[in-house]
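Nothing in this text is a laboratory measurement; each read-out follows from the coordinates by a stated rule. These numbers come from a predicted model, not from an experiment. Cβ placement follows ideal geometry from the backbone for every residue including glycine, while neighbour counts extend to all protein chains displayed.
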């Protein structure tokens, strides 16, 4: 009986996750379309709502190519390793207090541990593909996700200190009335930036930098195996947005029917999650891709010190009161935002001075000198066009 | 790899231009049974609503091809979405003149694509060599190298013409018609 109930629960949660994943795919294409003054899918179903299904079924029906010279076992297993952990996270993820796979004492820790498997699959895919672009993509994925997991874990530490529990539903219930994004703005911003890197979204889509690496780790994958990577990526977008809204936006708490252990609680959670997903796509439509050295420098030299500072501030706040905590966190947030803005400004200045150095003496024409600037931030958010 | 090697894949323009719709035995795909038939219906619907061309352009027609992906023409409306890797692409838009040096590379890219795959010859050069027909290094039509599904005349064709070509291809897929490559295999080897 318990086994049957468990099985039913697994099926229900998997369906809920996959339906949401498809909605996320559709939302991305529609929102990105409208942000780029296009319309996005229109012809497949209502406003293109069936477009993800058409893409997925078409991919299923394509030829499954395993190229010669690939490391066959790794090549075949990599998409599965990408897909399964992305679903497995939901074993410990609460939707509402009573709708949860397993309400573990170490819930957030477990979720974090499972998502750490994802870069392994990318490394496998990159290594086994026998393709230089795949390999570069795989190494970038490993470097990026390992270096961004550190500030992310430290950012979560502050939340765990405030809630005095690692159980996700405890963390959500502790936010009743006062969400942690107010108490922990610095940690929330750090978490959001690190989250973008974890789910490989622009500006940190290094593993699949379309304008430089063909398809990155996906280059050699066709048919169903590519679809698994594709779906895993969107499940991860949904997963991390869900974690963000659980940890910082109060989960199923809300001004109306807040904390009610029923469907409306889930509606609150999903509304918040989709707001976060909107932010993720908004960032994608706005920012160009960073270079890999800029990415790791940002992770280790800015995010990590600020995450540690945020934990220190949280410790002070726990021993004094919330007011001190908020003031100190806001100061840290302002410093963080100022620093990131300053970096962008300086990069712009460097680019401008580089450009003026390349001008002729009369200051008119620019001499093309591709050797002098190894890849000033290139790439474009509009990934569909190019030749 | 010279062009003489690919003479066996030579396909007449008339052969590619005629659609297999008038031949129900070809269009129906004789594997259709109780289980396969609904599956085939779903697959045809999917192939008729999703088409990922490869990001690949050789000459000035590619400029028009890029325009097709831009907000003004927005092929994303129809589920047409440019994909970089040939492994994930469905169709190759041959946009521009094919030189003898480019031809083997293009054939390699074509062979890297996963079945079912389609080829669109865009513009005069890809159809016949166009204004450069008498050049010493110009392939006189891409159908000398690989089977072509759709010919789009023009020099270069307008973006609307390319969209029309892509939509025609998708309509054929939705009707369950075979691709030029499949028809060629059926004619020469007797199976898909």
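Springs between Cα atoms under 10 Å define the GNM used for chain A, and in it the highest mean-square fluctuation of A:31, A:240, A:252 occurs at A:31. Counting every other Cβ atom within 10 Å of each residue's Cβ, A:29, A:351 order from fewest to most as A:351, A:29. If R0 is 25 Å, what FRET efficiency do you get for residue A:297 and residue A:349 from their C-beta distance, rounded to 0.05? Taking R0 as 25 Å, the efficiency between residue A:297 and residue A:349 is 0.90.
Quick one: if the Förster radius is 30 Å, what FRET efficiency do residue A:60 and residue A:117 give, using the C-beta to C-beta distance and rounding to 0.05?
Numbers: r = 25 Å, r/R0 = 0.82.
Once the sixth-power term is evaluated, E becomes 0.75.
The GNM of chain A, with springs linking C-alpha atoms under 10 angstrom apart, assigns the highest mean-square fluctuation among A:348, A:138, A:158 to A:348. Calculated translational diffusion coefficient of segment A:258-315 (25 °C, 0.890 mPa s; Stokes-Einstein with Kirkwood radius over alpha-carbon pairs) equals 167 µm²/s. In this simple spin-label model, placing a label point 7 Å from the Cα along the Cα-to-Cβ direction at both residue A:323 and residue A:72 gives a separation of 7.1 nm. Taking other C-beta atoms within 10 angstrom as a stand-in for reagent exposure, A:15, A:168, A:96 fall in the order A:15, A:96, A:168, fewest first. Quotient of the Cα radius of gyration of chain A and 2.2 N^0.38 Å, N being its number of residues: 1.04.
The calculated 222 nm mean residue ellipticity attributable to helices in chain A amounts to -21500 deg cm²/dmol, summing -39500 (n - 2.57) over DSSP H runs of n ≥ 4 and dividing by all residues.
Test of understanding: ordering A:58, A:132 by Cβ neighbours within 10 Å, fewest first, what list do you get? Provide the component values of the computation, followed by the final result.
On the way: A:58 24, A:132 12.
Result, fewest neighbours first: A:132, A:58.
Using the empirical formula 2.2 N^0.38 Å as the baseline, the Cα radius of gyration of segment B:51-189 reaches a ratio of 0.98.
Put simply, the Cα atoms of segment B:104-162 extend 32, 32, 14 Å along their principal axes, the longest span coming first. Largest GNM mean-square fluctuation among A:129, A:356, A:211, using chain A with Cα springs under 10 Å: A:356. Quick one: if the Förster radius is 56 Å, what FRET efficiency do residue A:164 and residue B:101 give, using the C-beta to C-beta distance and rounding to 0.05? It comes to 0.20.
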